[in-house]
Amino acid sequence: MNLPTLKIGDLEARLPVIQGGMGIGVSMSRLAAAVANAGGVGVISGAQPGFREPDFWTNPLEANLRGIRNEIRKARDMSPHGIIGINFLTATREYTDFVKEAVKEGIDLVISGAGLPKNLPEFVQGTKTKFAPIVSSGKAAETLLKLWDRRYQVVPDAIIVEGPLAGGHLGFSREELEGTAKDLYTLVDEVLAAVKSFADRYQKPIPVIAAGGIFSGADIKKALDLGAAGVQISTRFVATEECDADDAFKQMYLDATEEDVVIIQSPVGLPGRAIRNDMTRSLEAGRIPVTACTRCLSHCDPGTTPFCITKKLIEAVTGEVDKGLVFAGHNAFKLDKISTVQAVMDELVSEYEEACQA
């Protein structure tokens, strides 16, 4: 059985796979373009996208807006016919400016999580850009759908539901992550139920995308069998030649054991999943003083925050993996080699077909 395509409005990906946005700097134009060329939806990370600009620490807003433009344009050059998205954290101080800049550049899809993106529709209305929130429960999906119905008379072009096994920032409490969180497939059921009446009322499909712990073709089959229209995968794309992170970052994934993947508390205000290293061990002993600040988060106080997430993510992605923060999904320990994006996509298709025949 062949994998179905993924339709998001008038966009149609040959494979129902969205590559998760990973930042700072892990999924930029090179990875996003490779995934798009392989038939999926490639996603640029909108977390501090201008971190390599020479004026980043002194003029972060302009550096990031420049980074957004440059990364979208580079992805378009490398994948002129592919579907390119960008992921923004709602908790970002300059969230509105970032989304508007990406829409102005003609991005195909804006994905937004780390909080409820309550104003997202107003930035894309009247454009060709599609939008998809990330939620972690049926309740959160229903809250957004009701709000957008009342305020904007629109529904999203897709909804991504992220389960407790995801990497990076997680929409669950630490207690839930330690044993009481619902599994992804239960959450998919909840979100499918939440969107049904809105999809019927607007006479518009609202594809539900399963994310967080999707690792194999068998996982894809399980999600699609439940009614999901596609999946979002991040971890498997880190261990690829095209991933934009330093090789040392990728090696952390290959060397990790299951016990090395731990939960930390992020300055974003959410738990996060990362690979244990010197940085996470230092954090267990107390806060790591902040020496520079770009004011990236709307609520962060550099005098009290446990650490500077921008600095630590930049250190990791540029190769200082002992000092930096290496976000990773629960399944990172399953990786054992560096591959290519095309080989990963081919493996997912083969695994899906094998699961269908089992």
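The values are calculated or read from the model by the stated rules, or taken from the named source; none is laboratory data. Because the structure is predicted, anything quoted here is derived from the model rather than measured. No Cβ is skipped: glycine too gets one built from the backbone with ideal geometry, and neighbour counts run over all protein chains shown.
What the table shows:
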| quantity | calculated |
| --- | --- |
| Scan of segment 158-169 for residues that are small (Gly, Ala, Ser) and not in a loop (DSSP other than H, G, I, E, B), ordered by number | GLY168 |
| Test: GLY82 is modelled with pLDDT under 95 and under 16 Å from GLN19 (Cα atoms) | no |
| Verdict on PHE172 being part of a helix (DSSP H, G or I), more than 25 Å from ALA358 (Cα to Cα) and aromatic (Phe, Trp, Tyr) | no |
| Boolean, ARG93 is touching a Leu at 6+ places or on another chain (Cβ under 7 Å), over 15 Å from THR129 (Cβ atoms) and surrounded by fewer than 19 Cβ atoms within 10 Å (Cβ to Cβ) | yes |
| Qualifying residue in segment 333-343 (condition: out of contact with any helix residue (DSSP H, G or I) (no Cβ under 9 Å at 6 or more places or on another chain), at pLDDT 95 or above, of a type outside the set (Phe, Trp, Tyr) and not assigned by TED's automatic domain parsing to the domain that holds PRO267) | yes |
| Criterion (surrounded by fewer than 21 Cβ atoms within 10 Å (Cβ to Cβ) and either in the same structural domain as ASN87 (by TED's automatic domain parsing) or farther than 24 Å from PHE198 by Cβ (or both)) met by exactly one of LEU170, LEU177, LEU145 | LEU177 |
| Odd one out for TYR95, checked against (1) within 17 Å of GLN125 (Cβ to Cβ); (2) in contact with a strand residue (DSSP E or B) (Cβ under 8 Å, 6 or more places away or on another chain); (3) modelled with pLDDT of 95 or more | (3) |
| Number of the condition not met by ARG66 [criteria: (1) farther than 25 Å from GLY9 by Cα; (2) in contact with a Ser or Thr (Cβ under 9 Å, 6 or more places away or on another chain); (3) among the charged types (D, E, K, R)] | (2) |
| Residues being among the aliphatic types (A, V, I, L, M), in a strand (DSSP E or B) and in contact with a Phe, Trp or Tyr (Cβ under 8 Å, 6 or more places away or on another chain) - total across segment 53-104 | 1 |
| Search result, residues across segment 77-94 that are free of Cβ contacts under 8 Å to residues at least 60 places away in the same chain and hydroxyl-bearing (Ser, Thr, Tyr) | SER79, THR90 |
| Condition broken by GLU320, with the remaining ones in (1) in a helix (DSSP H, G or I); (2) modelled with pLDDT of 95 or more satisfied | (1) |
| Breaking point among (1) crowded, with 24+ Cβ neighbours inside 10 Å; (2) within 17 Å of MET345 (Cβ to Cβ); (3) not hydroxyl-bearing (Ser, Thr, Tyr), for GLY46 | (2) |
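Every residue, every condition in (1) touching a residue at least 40 places away in the same chain (Cβ under 8 Å); (2) in contact with a strand residue (DSSP E or B) (Cβ under 8 Å, 6 or more places away or on another chain); (3) closer than 14 Å to ILE111 by Cβ, yes or no:
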| site | (1), (2), (3) |
| --- | --- |
| GLY25 | yes, yes, no |
| VAL35 | yes, yes, yes |
| ALA38 | yes, no, no |
| GLN48 | yes, no, no |
| PHE51 | yes, no, no |
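Each row is one residue, and each column tells you yes or no for (1) in contact (Cβ under 8 Å) with a residue 12 or more places away in the chain; (2) over 22 Å from ASP108 (Cβ atoms).
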site: ILE160; (1), (2): yes, no
site: GLY163; (1), (2): yes, yes
site: PHE172; (1), (2): yes, yes
site: GLU190; (1), (2): yes, yes
site: ASP200; (1), (2): no, yes
site: GLY212; (1), (2): yes, yes
site: THR235; (1), (2): yes, yes
site: ALA245; (1), (2): yes, yes
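To keep it simple, each residue is scored yes or no on (1) among the acidic types (Asp, Glu); (2) closer than 29 Å to CYS356 by Cβ; (3) surrounded by fewer than 16 Cβ atoms within 10 Å (Cβ to Cβ); (4) touching a His at 6+ places or on another chain (Cβ under 8 Å).
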residue	(1), (2), (3), (4)
GLN203	no, no, yes, no
PHE237	no, yes, no, no
THR240	no, yes, no, no
ASP244	yes, no, no, no
MET252	no, no, no, no
ASN277	no, no, no, no
